[in-house]
Structure formats: structure tokens, C-alpha cells
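Colleague: If you scroll down you'll find the structure; I have some questions about it.
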Amino acid sequence: MTSYELIEDRKLAMRCAHLVWAVNKYYVLACSQQYYLKLRQHLKPDQPNLTLAFETLQEVEQLYRKTSSDVLPQLPNALHHIAGYFKNILTKEERQAVDRLIQDNPQAAIRQLEMYTFQYELPYLMKSRLWGRNRHFLFNLVVEKLTFQGEEIAPHRLLWHNDTVLKGNENE
């Protein structure tokens with residue numbers, strides 16, 4: 001069992017919240033645009049509310065964690081946003097085919113876009129929890145390396161929790 005050290009540092013919590021949001025953004029959008037807009041509001045740089053952001057993301061996770069990504073209620077909307085990343089990568093014909101697939105068969109479209117994401121190695125999208133291969137990660141896991149107070153912290157060692165961060169023991 002992993003033990004955790006509690007880190008009460010608002011700046012680190014904010015950095016972690018934004019990294020967690022980045023991997024959950026399209027997953028949340030595929031679940032509910034209302035939750036997506038709430039989270040964006042709670043994470044605004046000028047007036048963030050990390051507790052409300054965490055609670056909202058936790059609520060989305062509780063509601064949808066057992067729902068397969070390919071049947072999430074607003075999947076086509078999220079897929080249209082993701083398809084935008086391929087605007088300058090795919091040919092016009094390929095983009096049109098993806099757009100038709102999103103409309104006609106979102107279940108096939110998500111598989112196609114996931115394949116393109118890893119084929120073309122788009123780092124931002126590769127970390128998305130929308131992809132089936134990433135859904136097993138905890139919703140509040142920080143999947144990037146961070147430096148805090150001169151210490152480099154490896155990916156998958158930090159958990160964002162409200163205004164704090166939990167750091168997993170490296171030896172466990």
C-alpha cells in the first residue's frame with residue numbers, strides 16, 4: 001500500500017490542477033458540456049476555486065467511470081474538438097472521412113482518432129483519459145514530471161486534492 005505525504009502549497013496545487021485538467025478535458029467534454037464549462041470556470045487563472053474544481057471533476061468521475069468512452073453522452077462534440085488537432089496533419093479527404101465518421105459512427109471515430117493520436121505522436125492528446133488505454137488512471141493523477149522546491153518529481157507520483165497535493169512514496 002502506498003503512503004502519501006501531504007503538500008500544502010497553493011502554487012503547486014494550481015499547477016497540478018491544470019495538468020490534471022489537461023488529461024481530463026476531452027473526457028469531461030464527452031461526458032457533459034455543462035461539467036466542462038463549470039470546470040473551466042473554476043480553473044480560471046484570475047479567480048480559481050480549486051476545491052470546487054476538484055469536487056466537480058470527482059463528481060464527473062463518479063457518474064461516468066463505469067461508462068465506456070465510446071458511449072459517453074456527448075462524445076461527438078469532444079471528437080470534433082480532438083479532430084481539430086489533425087487539421088494540418090491529415091489530408092483533406094482524411095479529415096472529411098473523420099468528420100463523417102464522427103457524425104455516423106462515433107464509436108468507430110474514437111478508435112480512429114486514438115489511432116491517429118498515437119501514430120502521429122501528439123503528446124497532449126496521448127495523455128487524454130478519453131482513450132480507453134488511459135481510463136484506468138486515477139482522475140486526479142498528475143501524469144507529468146514536475147519540479148518542486150528543487151526536487152524533480154517523476155510522473156504518476158502526485159495526486160491533486162483540492163488545495164493540496166499528495167506525493168506518493170517513491171520506495172513503495
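The values are calculated or read from the model by the stated rules, or taken from the named source; none is laboratory data. For clarity, every value in this text was computed on a predicted model and none was experimentally measured. Cβ placement follows ideal geometry from the backbone for every residue including glycine, while neighbour counts extend to all protein chains displayed.
Colleague: Would you confirm whether or not the stretch 52-61 contains a residue that is touching a His at 6+ places or on another chain (Cβ under 8 Å), outside any helix (DSSP H, G or I) and without any contact (Cβ under 8 Å) to a residue 60 or more places away in the chain?
Modeller: The first filter runs over the stretch 52-61 and keeps only residues touching a His at 6+ places or on another chain (Cβ under 8 Å), leaving 52-54, 56.
So of that shortlist, the ones also outside any helix (DSSP H, G or I) come out as none.
Within the stretch 52-61, not a single residue is touching a His at 6+ places or on another chain (Cβ under 8 Å), outside any helix (DSSP H, G or I) and without any contact (Cβ under 8 Å) to a residue 60 or more places away in the chain.
Colleague: I'd like to verify a number: residues in the stretch 91-150 that are over 19 Å from the mean Cα position of the chain (by Cα), surrounded by 17 or more Cβ atoms within 10 Å (Cβ to Cβ) and among the small types (Gly, Ala, Ser), how many?
Modeller: Total meeting the criteria: 0.
Colleague: While we're on this one: Considering only residues that are assigned to a helix (DSSP H, G or I), in contact (Cβ under 8 Å) with a residue 12 or more places away in the chain and over 26 Å from His136 (Cα atoms), which ones fall in the stretch 64-112?
Modeller: Of the residues in the stretch 64-112, the ones assigned to a helix (DSSP H, G or I) are 64, 69-71, 75-86, 92-104, 106-112.
Now drop any that are not in contact (Cβ under 8 Å) with a residue 12 or more places away in the chain, which leaves 64, 69-71, 75-83, 85-86, 95, 98-99, 102-103, 106-107, 109-112.
Within the stretch 64-112, Arg95, Val98, Asp99, Gln103 qualify.
Colleague: Restricting to the stretch 17-51, count the residues that are within 11 Å of the chain's Cα centre (by Cα) and either closer than 21 Å to Thr164 by Cβ or assigned to a loop (DSSP other than H, G, I, E, B) (or both).
Modeller: 8
Colleague: Given the structure, is Ile110 farther than 21 Å from Val20 by Cβ, in contact with an Asp or Glu (Cβ under 7 Å, 6 or more places away or on another chain) and either among the aromatic types (Phe, Trp, Tyr) or modelled with pLDDT of 95 or more (or both)?
Modeller: Taking the combined requirement at face value, the residue satisfies it.
Colleague: Quick check: anything in the stretch 45-59 farther than 15 Å from Val142 by Cβ, among the charged types (D, E, K, R) and touching a Phe, Trp or Tyr at 6+ places or on another chain (Cβ under 7 Å)?
Modeller: Keep residues of the stretch 45-59 that are farther than 15 Å from Val142 by Cβ, which gives 45-49, 51-52, 55-56, 58-59.
Of the ones still in play, those that are also among the charged types (D, E, K, R) are 46, 55, 59.
The next check asks that each one be touching a Phe, Trp or Tyr at 6+ places or on another chain (Cβ under 7 Å); those that pass are none.
Scanning the stretch 45-59 turns up no residue that is farther than 15 Å from Val142 by Cβ, among the charged types (D, E, K, R) and touching a Phe, Trp or Tyr at 6+ places or on another chain (Cβ under 7 Å).
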